[in-house]
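Asks: Sharing a structure here in structure tokens format.
What follows is calculated from the coordinates using simple rules that are stated; it is not laboratory data. The structure presented is a predicted model; accordingly, all values stated were derived computationally and were not measured. Here the Cβ is made from the backbone with ideal geometry for all residues, glycine too, and neighbour counts use every protein chain on show.
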Amino acid sequence: MELISQIRMAASQALQREYQYDLPAGEVAVNETKPEFEGDYTVVLFSFVKQLKKKPEELGNELGRALLTSHPTLFSAYNVIKGFLNLTIADSYWLAFIQAQHDNPDFGRKARIGKKVMVEYSSPNTNKPLHLGHLRNNFLGWSIAEIYKANGYDTVKTCIANDRGIHICKSMIAWQLFANGATPGSTGIKGDHLVGDYYVLFGEEHKKQMAELIAEGMDKEKAEKEAPIMKAAQQMLVDWEAGKPEVIALWKQMNSWVYAGFDETYRRIGSDFDKTYYESNTYLLGKELVEQGLQQGVFEQEDDGSVWIDLTADGLDRKIVRRRDGTAVYITQDIGLAVKKYEEFHCDQSIYVVGDEQNYHFKVLKLICQKLKLPSADGIFHLSYGMVELPTGRMKTREGTVVDADEILDEMISEAERKTKELGKTEDFSLEELEDLYDVIGLGGLKFFLLRVDPKKKMLFNPEESIDLHGYTATFVQYAYARIRSILRKEPLIEHPFHAPLLALEKSLAITLEKFPAIIEQACVEMSPSVIAGYAYQLAQTYNSFYAEHSVANAETPEKKTLRLQLCQMTATTLRNAMNVLGIRVPERM
């Protein structure tokens, strides 16, 4: 049982024993003691002072004495300040904790609890390569799945590929007009980049044709629709939906180029999926559910044949779920896909990792599913995150201002190489080891930078800031890990029983280590990898302070050496486990 839970339980039992006052352990408020006061953890007395009709000072002293008497191996001292009971945890507790956990490779991870969670992330369009925004999405989705797994859940990672629609046809038309049969093989260009180039080319040609029409006297709105290249793209969409063989063949060919490119990027960043859904297979889903909803009175049909739902009573507005020509809209297929996912995997929760511009869409989706009484409804959760921006502002694909994911990865690895060479400690590494190290540092720096910010916040990306040996970075944490591994290689751990009192920094490190299981749980409750990133950084800082003050190899006694080596071993394991949940590797040497 985690320490705070033990303190709550002990306080709850003491209140019952001493005063016959029933307070569930979960309702006992326990915080870390503020640095300016003596103690490790603080019980807040105010919530039960009135009921017990005692002064806070008197109650604090009575409860403190009772806890020391009943739990001598847990508490060693107490003091009372106003309405707060500050407790000092006994060294014997910390020594037993370190001895029990120092060689546990799964420290922080919980046993399976028999619940299943689905996490959908990435969800790219097949008309362009992945970009910086996709990287935040992928890192966030993958890490959330791993956080749930560390908390004992079975997880299913899914992706929906947006592989149909007018945006796909734009790339296809531009390729027909300008490519002269170019392929990834003939050009040496990665497939997703090649197709993305033609999407940008479509935008440029569309602007040019619009300008010509406007010059001839047409207004801008009409020129946008009447430009020949746009009309050709619209016709191609009609032909695709009609199943015209040559259009389907080109669509399959160009999508295959894109998927090959995506797979290469996914492998590089460590993203994987248990199941990929394709919009071309799901866009007709949900039509039957619209019929059911009409019969149940959930939806209403207009005179023109279109079907709507009125959500004004829920603080939203009216939403169309089927057009007058009988075709589905996005929300319709999402309702159908939610049912399909539930039927396939029976997950207790379905988390959609999608940017905050879709907040309204997911409110509507969940409400409609609840009104239809679908078994998947209550488990729907939208993990909304803020956009990644650059110092130059927002990115736009069609204007060619997007920062490509592959370019960012290359830049990060180059930055890692440059900074590593500046430090000049690479003489003992082979070329292969150096390449791997640059990848570990570069990709780790990128992931940590994008995950250390709370998902709900927008963020500004700065590559140079993300690799800094002394900053709030993966590099700082990775270096602490590599330093510990170096110590452990030189100093084999010889078991010695130890009973010596803990010094302040030894205890501080033990306290920080003990929090890790609670941090993993907090990250799950808050759905925020930033909680783990912050903890890993704090642990590395705490270890560095300990290491700067206390020798491990030349400890004062054999018992102290054993204790410090066990602290080193446990810190390395905890740093590795924390970073692994973020998808970040830690190097054995740096």
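Asks: Once label points are set 7 Å from the Cα along Cα→Cβ at both THR327 and ALA313, what is their separation, rounded to one decimal in nm?
Replies: With each label point 7 Å from Cα toward Cβ, the separation is 3.2 nm.
Asks: Now for a different question. About the Cα centre of the chain, what is the dipole size in debye to 20, counting +1 per Lys and Arg Cβ and -1 per Asp and Glu Cβ, all else neutral? Present the calculation step by step, with values, prior to reporting the outcome.
Replies: Numbers: 68 positive and 84 negative charges, 225 e Å.
Computed about the Cα centre, the dipole is about 1080 debye.
Asks: Identify, among ILE173, GLY191, ILE147, the residue whose Cα sits farthest towards the positive end of the charge dipole of the stretch 138-235, taking +1 on the Cβ of Lys and Arg and -1 on the Cβ of Asp and Glu, with the dipole about the Cα centre.
Replies: ILE147
Asks: Further, regarding this structure: Whole-Hz ³J(HN,Hα) for each residue in the stretch 332-345, computed from phi via Karplus 6.51 cos²θ - 1.76 cosθ + 1.60 with θ = phi - 60°, x for glycine and proline: what do you get?
Replies: Running phi through 6.51 cos²θ - 1.76 cosθ + 1.60 with θ = phi - 60° gives 5, 5, 5, 5, x, 5, 4, 5, 4, 4, 5, 5, 6, 10 Hz.
Asks: Give the long-range amide H neighbours of THR155: residues separated by 5 or more places, or on another chain, with amide H under 5 Å away, using H modelled in the peptide plane at 1.01 Å from N.
Replies: VAL117
Asks: What lysines does LYS244 reach when the alpha-carbon gap must be under 27 Å and sequence neighbours fewer than 8 apart in one chain are set aside?
Replies: Straight-line reach from LYS244, under 27 Å: LYS128, LYS170, LYS225, LYS231, LYS252, LYS287.
Asks: Mean residue ellipticity at 222 nm from the helices of the chain, using -39,500 (n - 2.57) per DSSP H segment of n ≥ 4 over the full residue count, to the nearest 500 deg cm²/dmol? Spell out each step's value before the answer.
Replies: On the way: 22 runs with 323 residues, N = 590.
Helices in the chain give a 222 nm mean residue ellipticity of -18000 deg cm²/dmol.
Asks: Among bridges DSSP assigns within the chain, what percent are antiparallel (round to 5)? Please list the in-between numbers first.
Replies: Working: 22 of 44 bridges.
Looking only at bridges with both residues in the chain, the antiparallel portion is about 50 percent.
Asks: With unit charges on the beta carbons (Lys and Arg positive, Asp and Glu negative) and the dipole taken about the Cα centre of the chain, which residue among PHE461, PRO492, ALA227 sits farthest to the positive side?
Replies: PRO492
Asks: Name the residue farthest towards the positive end of the dipole of the stretch 3-89 from the options ILE4, THR88, ALA66, assuming +1 on Cβ of Lys and Arg, -1 on Cβ of Asp and Glu, about the Cα centre.
Replies: ALA66
Asks: Run the quick spin-label model on GLU212 and GLU27: label points 7 Å from Cα toward the beta carbon, then report their separation in nm to one decimal.
Replies: That separation, rounded to one decimal, is 7.7 nm.
Asks: Right, another one. Per residue of the stretch 412-426, what does 6.51 cos²θ - 1.76 cosθ + 1.60 with θ = phi - 60° give for ³J(HN,Hα)? Whole Hz please, x for Gly and Pro, Karplus curve as stated.
Replies: Taking θ as phi minus 60°, the curve returns 5, 5, 5, 5, 5, 5, 4, 6, 5, 5, 4, 6, x, 10, 10 Hz for the stretch 412-426.
Asks: Non-local amide H neighbours of TYR277 (under 5 Å, H modeled in plane, Pro and chain starts lacking H): which ones?
Replies: The answer is CYS159, ILE160, ALA161.
Asks: How far, in nm, would the chain grow between GLU495 and ALA518 when pulled straight, counting 0.36 nm per residue and subtracting the alpha carbon separation? Write down the numbers at each step before the final one.
Replies: On the way: separation 23, 0.36 × 23 = 8.28 nm, distance 2.82 nm.
Taking GLU495 through ALA518 to full extension adds about 5.5 nm, to one decimal.
Asks: Another question, then. For the stretch 471-506, list residues with backbone N below 16 Å from a point placed 7 Å from the Cα of ASN544 toward its Cβ?
Replies: Correct set: 471-485.
Asks: What residues qualify as long-range amide H neighbours of ILE380, i.e. H under 5 Å apart, gap of 5 or more or another chain, H built at 1.01 Å from N?
Replies: The list, which skips near neighbours in sequence, is SER350.
Asks: Further question: If I compute percent of Cα pairs over 40 Å apart from the structure I just sent, which labelled value in (1) 39; (2) 42; (3) 27 lines up?
Replies: Computed from the coordinates, percent of Cα pairs over 40 Å apart corresponds to (2).
Asks: Cut-off under 30 Å on the C-alpha distance; same-chain residues fewer than 8 positions from LYS54 excluded. Which lysines are left, in chain and number order?
Replies: Counting by Cα, and skipping residues close in sequence, LYS54 has these lysines nearby: LYS34, LYS82.
Asks: Please find the FRET efficiency linking ALA77 to ALA504, where r is the Cβ-Cβ separation and R0 is fixed at 22 Å, and quote it to the nearest 0.05. Let's see the in-between values first.
Replies: Values: r = 15 Å, r/R0 = 0.66.
It comes out at approximately 0.90.
Asks: Need one number: nm distance between label points at SER414 and THR276, each 7 Å from Cα along Cα→Cβ, rounded to one decimal.
Replies: 2.8 nm
Asks: Same structure again: Assuming 0.36 nm per residue, please report the length gained on full extension of the stretch LYS34 to ARG17 beyond their Cα-Cα distance.
Replies: On the way: separation 17, 0.36 × 17 = 6.12 nm, distance 2.84 nm.
So the chain would gain 3.3 nm between LYS34 and ARG17.
Asks: Which entries of LYS222/LYS341; LYS366/LYS447; LYS116/LYS490; LYS115/LYS515; LYS207/LYS275 have Cα-Cα distances beyond 32 Å here?
Replies: Numbers: LYS222/LYS341 41 Å; LYS366/LYS447 30 Å; LYS116/LYS490 43 Å; LYS115/LYS515 24 Å; LYS207/LYS275 38 Å.
Where the Cα-Cα span goes over 32 Å, the pairs concerned are LYS222/LYS341; LYS116/LYS490; LYS207/LYS275.
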